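What follows is one structure encoded as structure tokens, with my remarks underneath.
The values are calculated or read from the model by the stated rules, or taken from the named source; none is laboratory data. Because the structure is predicted, anything quoted here is derived from the model rather than measured. Cβ: placed from backbone, ideal geometry, glycine included. Neighbour counts: every protein chain shown.
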Amino acid sequence: MAHRLIIDTEVLIASERERVELVGVITEDDDLVVAGITVAELRTGIELATEAHRAARSEFLVKLLETFPVEPYAVGTAEAHGRLLDCIVVG
């Protein structure tokens, strides 16, 4: 069964740093999106990165935005995201 999944910033950072592979977590049918706030958080990481890491992080964000749609992060989305995060922590 397909699910709309908001990919969390921490998961994306772990993926970018090659600490986790998303292949085992998602299925082809899942509808993956990135929250608008996640784009801001990743951009902040680029701006704060050392010169040695800035280009790779920037390239990662470009590829991410080419691959996944950005979900506007309005109040309804934030509330749903909070409920999903609670399921992860509790589950």
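Points worth noting:
- Residue in the stretch 8-29 that is modelled with pLDDT of 80 or more and in contact with a strand residue (DSSP E or B) (Cβ under 7 Å, 6 or more places away or on another chain) present: no
- Residue in the stretch 69-86 that is of a type in the set (Val, Ile, Thr) and within 15 Å of Glu16 (Cα to Cα) present: no
- Long-range neighbours under 9 Å by Cβ, at least six apart or interchain, first residue of a type in the set (A, V, I, L, M, F, W, C) within the stretch 27-52, second at pLDDT 90 or above and loosely packed, with under 11 Cβ neighbours inside 10 Å: Leu32/Pro69; Val33/Pro69; Val34/Pro69
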